[in-house]
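Taking it in order: structure first as structure tokens, then the write-up.
The values are calculated or read from the model by the stated rules, or taken from the named source; none is laboratory data. All of these numbers come straight from a predicted model, not from anything done at the bench. Backbone-built Cβ (ideal geometry, glycine too); neighbour counts: all protein chains shown. For accessibility, only protein heavy atoms count, side chains too; no ligands or nucleic acids. Shrake-Rupley method; radii C 1.70, N 1.55, O 1.52, S 1.80 Å.
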Amino acid sequence: MITLHVKVKPGSSRDEISVDETGHLQIRIREHPIDGAANAYLINFISKELKLSKRVIYLEKGATSRFKKICLDTNVYSLEQIINRYKK
């Protein structure tokens with residue numbers, strides 16, 4: 001199981017994942033945070049980006065916050081592999 005601590009920026013002009021200068025993931029999504037739509041969109045976006053089933057991705061903490069704790073119930077990736085994938 002992998003736990004991601006991410007900062008989500010809803011309402012962005014494009015969808016993207018990046019790593020900030022402190023090594024934390026930032027995810028920009030186009031969906032606006034209305035009635036949980038951004039959280040569902042976030043799960044779909046992560047699923048497509050990492051090529052994982054939506055069943056293995058769940059929001060553990062931060063449903064109403066920009067700072068979220070997302071769990072990936074898989075052994076396909078390590079946390080380091082995910083972070084290195086999005087470093088620029």
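For this structure, a couple of remarks:
- Residue that is β-branched (Val, Ile, Thr), out of contact with any Pro (no Cβ under 8 Å at 6 or more places or on another chain) and farther than 21 Å from residue 77 by Cβ, where the choices are 27, 17, 34: 34
- Condition broken by residue 49, with the remaining ones in (1) of a type in the set (D, E, K, R); (2) within 13 Å of residue 15 (Cβ to Cβ); (3) touching a residue at least 24 places away in the same chain (Cβ under 8 Å); (4) surrounded by fewer than 13 Cβ atoms within 10 Å (Cβ to Cβ) satisfied: (4)
- Residue that is surrounded by the fewest Cβ atoms within 10 Å (Cβ to Cβ), among those in the range 52-88 that are touching a helix residue (DSSP H, G or I) at 6+ places or on another chain (Cβ under 8 Å) and under 20 Å from residue 22 (Cα atoms): 82
- Residue that is farthest from the chain's Cα centre (by Cα) [pool: residues in the range 54-76 that are basic (Lys, Arg) and not in a loop (DSSP other than H, G, I, E, B)]: 55
- Residues (surrounded by fewer than 15 Cβ atoms within 10 Å (Cβ to Cβ) and either over 16 Å from residue 81 (Cα atoms) or aromatic (Phe, Trp, Tyr) (or both)) located in the range 23-42: 30, 32, 34, 35, 36, 37, 40
- Restricting the range 1-18 to residues that are in a strand (DSSP E or B) and more than 20 Å from residue 30 (Cβ to Cβ), the residue that is most open to solvent (accessible area, probe 1.4 Å): 5
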